[in-house]
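Quick one: this structure, given as C-alpha cells, is what I'll be asking you about.
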Amino acid sequence: MVYDRLAEAVKSKIKELDNPDPRFLKHGSPHPAVADHTRILSAPETRVTTLPNGLRVATESNLAARTATVGVWIDAGSRFETEETNGTAHFLEHMIFKGTERRSARQLEEEIENMGGHLNAYTSREQTTYYARVLDKDVPKALDVLADILQNSKFDEHRISRERDVILREMEEVEGQTEEVISITCMQLLSSTLLWEELFLDLLRILDHHKRTSPELYSNTLHSSQNGRDFHGCFLGPISQVIAASGAVKHEDIVKEVEKLFTKLSADPTTATQLVAKEPAFFTGSEIRIIDGDIPLAQFAVAFNGASWTDPDSIALMVMQAMLGSWNKSATGGKHMGSDLAQKIGIDELAESMMSFNTNYKDTGLFGIYAVAKPDGLDDLAYAIMYETTKLCYRVSEADVIRARNQLKSSLMLHIDGTSPVAEDIGRQLLTYGRRIPFAELFARIDAVDASTIKRVANRFIFDKDIAIAAMGPIQGLPDYNWFRRRTYWNRY
C-alpha cells in the first residue's frame, strides 16, 4: 500500500537522523555538548582605583595593542528627565562638543583629527557615555579633551538654537523608522509612576517639546531648573562616574592623569540609585495598537516584566532569550535553527523576521519577542510565539539549554572584540554591578543554569503574568489582549 511505503520512508529518514553518517561528524556534531572555557582564565585583570572624591578609575591593559579607548561612563540618562526637562540628556550629548572655555568647536574637532582619533558619545535611558579612541601615545591628550568638555563646556544661545534644529531633524528621521517607534512604544507600557513614565516619553511629545522650547528657556533648563539640578547631580557627581580605559594603557598613568584633570566635578551627592529608590518602576499589563494600512508589514512586540541588572535570575533570562533566538528570511541557518520557535516560523513562513529581547534596568526589565510579518498570518504567528514562550514553564530539554548556554557565551566573547567594547563593558558593569564580573565567574553562572532553573524562572516571569503589547501597521488580524493573556499558561487535566 502507498501508506506503508510512506511509513517506511519516514522510518528510514528517522533512522538516518538518529544514526548520521560519520563523515558529517568529522568537524562537528549536531548534538550540543558542554564546552571547555579554561582559556578564559588567562583574561587580563581589570584594575579599579577609587579616588578620595569617589571617582572610580578602571583599566584593562593590553600592552601588545597599539591603540586605546578611554571614556567617561555616567550613571544618568533620559530616565531622570521630567516633562519640563524632556530631551535634556540627548541635547547635552550634542552641546558637549560645541566648544569649551579653552577650545572652540573648530579647535576641538581639529585636535581630535590631528591625533587620528575618534571622539563620540551616546545616551541611553540610564547611562551617558563620552569616549575617545586614539593611538597609545595620545591617551593623555584624549583624557584632557574629555575632562575639558565635561567640566568646561559652554552653552551659547546661538549654538543651542542651531542644535535644536539638528535634533528636530534627527527626531523626525527616527519617527519614520517604524521598528524604532514600536520599540519606544513598547517601552512606554512600563509606565505607572511619573518617573518611569518620563523615562519612556514618546517621540511626539519630545518633538513637541523641542519645537516649543526657545533657546533662552533651554539655557535656563540646562543651568537653573530644579529638575535640571537633579539630572546634573547624577550627571557630574564623581560617585556616579567611572573613567574606563582599555588597550595600550597603564593603570598608574591613567589614575595620575585623572587626578590631575578631573578637579571640577559636582559635589552634589545625589545618585541615580537614590532617584530610582524614590520613584521605583512597576510593570502594568497594557497594550497600544496603531492601525496603519499604508505600512505593508505588521510589526508587534509582546513583553513580560523582566529582571533588573542585579537580579539573581537575570542570567537565566539571558539563556531563555538565547533559547527563543532570532530569525529572519536572510538567516544563514534558514529553517534549521536551534530554536524551536525559529524552526516553526521558518518552516511555515509565518514571519519576515523575529527577535527575542531581554532588556535590563536598575530595578526592572523587559523580556519578550518582537516580530515583523505579513498581515494575513498574524494569528498563526501569535500562537507560535505564545506557545513556545509558555512552553518554557513546562517542557525544557537539557540539550536546548546547553545549546543556548554555548550561544550566549560565544556572543558575550564576540561582543568584547576590540578596545572600545572592552571599555564599554567595564564602564557599564561598574555602574550596574559595582564591579567588573570576571568572565570565569560569568561563565560559571551561565553553566549553572539547567532545565529546572529555566522552568523555575519561566514560572516566575511568564506563567500567568500580565503582558504588554505594542503593535503597528495592518494589525486587524492580530488577536486581542485577552487572547494573549490567556496563553501565558496551559490548562492541564
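The values are calculated or read from the model by the stated rules, or taken from the named source; none is laboratory data. Not measured: the values here are computed from a predicted model. Counting neighbours? That spans all protein chains shown, and the Cβs are built from the backbone with ideal geometry, glycine included. The accessibility values were calculated without ligands, DNA or RNA, using every heavy atom of the protein model including side chains. Shrake-Rupley method; radii C 1.70, N 1.55, O 1.52, S 1.80 Å.
Taking region 67-125 on its own, how many of its residues are among the polar types (S, T, N, Q) and at pLDDT below 80? It would help to see each step written out before you state the result.
Residues of region 67-125 that are among the polar types (S, T, N, Q), as a first pass: 67, 69, 78, 82, 85-86, 88, 100, 104, 107, 114, 120, 123-124.
Filter once more, keeping what is at pLDDT below 80: 78, 82, 85-86, 88.
Result for region 67-125: 5.
Working carefully through the options 316, 307, 301, find the one that is open to solvent by less than 30 Å² (accessible area, probe 1.4 Å) and out of contact with any strand residue (DSSP E or B) (no Cβ under 8 Å at 6 or more places or on another chain). Outline the logic, then answer.
Numbers: 307 fails: out of contact with any strand residue (DSSP E or B) (no Cβ under 8 Å at 6 or more places or on another chain); 301 fails: out of contact with any strand residue (DSSP E or B) (no Cβ under 8 Å at 6 or more places or on another chain).
After applying the criteria, what remains is 316.
Further, regarding this structure: Right, residue 129: of a type in the set (Ser, Thr, Tyr), under 18 Å from residue 272 (Cβ atoms) and in a loop (DSSP other than H, G, I, E, B) or not?
So residue 129 does not fit the description; no.
Condition test on residue 68, is it assigned to a strand (DSSP E or B), of a type in the set (A, V, I, L, M), open to solvent by less than 50 Å² (accessible area, probe 1.4 Å) and farther than 14 Å from residue 145 by Cβ?
So residue 68 fails the test.
Then there is this: Confirm whether residue 139 is crowded, with 22+ Cβ neighbours inside 10 Å and not in a loop (DSSP other than H, G, I, E, B).
yes
Return the pairs, sorted by first residue and then second, in which the second residue is acidic (Asp, Glu) and part of a helix (DSSP H, G or I), the first residue lies in region 102-117 and is over 23 Å from residue 67 (Cβ atoms) and open to solvent by 50 Å² or more (accessible area, probe 1.4 Å), the beta carbons are less than 6 Å apart, and the residues are 6+ apart or on different chains.
Cβ pairs passing all conditions: 102/148.
Shifting gears a bit: Report every pair of residues separated by at least 6 positions or lying on different chains whose Cβ atoms are under 8 Å apart, first residue within region 139-153 and more than 10 Å from residue 264 (Cβ to Cβ) and touching a residue at least 40 places away in the same chain (Cβ under 8 Å), second hydroxyl-bearing (Ser, Thr, Tyr) and open to solvent by 20 Å² or more (accessible area, probe 1.4 Å).
Hits for this filter: 146/131.
Residues to consider are 326, 356, 339; find the one that is open to solvent by 20 Å² or more (accessible area, probe 1.4 Å) and touching a Ser or Thr at 6+ places or on another chain (Cβ under 9 Å).
Only one candidate passes the filter, namely 326.
Still on this model: Do we find a residue being touching a residue at least 40 places away in the same chain (Cβ under 8 Å) and within 20 Å of the chain's Cα centre (by Cα) anywhere in region 387-405?
Yes, region 387-405 contains at least one residue that is touching a residue at least 40 places away in the same chain (Cβ under 8 Å) and within 20 Å of the chain's Cα centre (by Cα).
Continuing with the same structure: Which numbered condition trips up residue 447, out of (1) closer than 26 Å to residue 346 by Cβ; (2) open to solvent by 40 Å² or more (accessible area, probe 1.4 Å); (3) out of contact with any strand residue (DSSP E or B) (no Cβ under 8 Å at 6 or more places or on another chain)?
(1)
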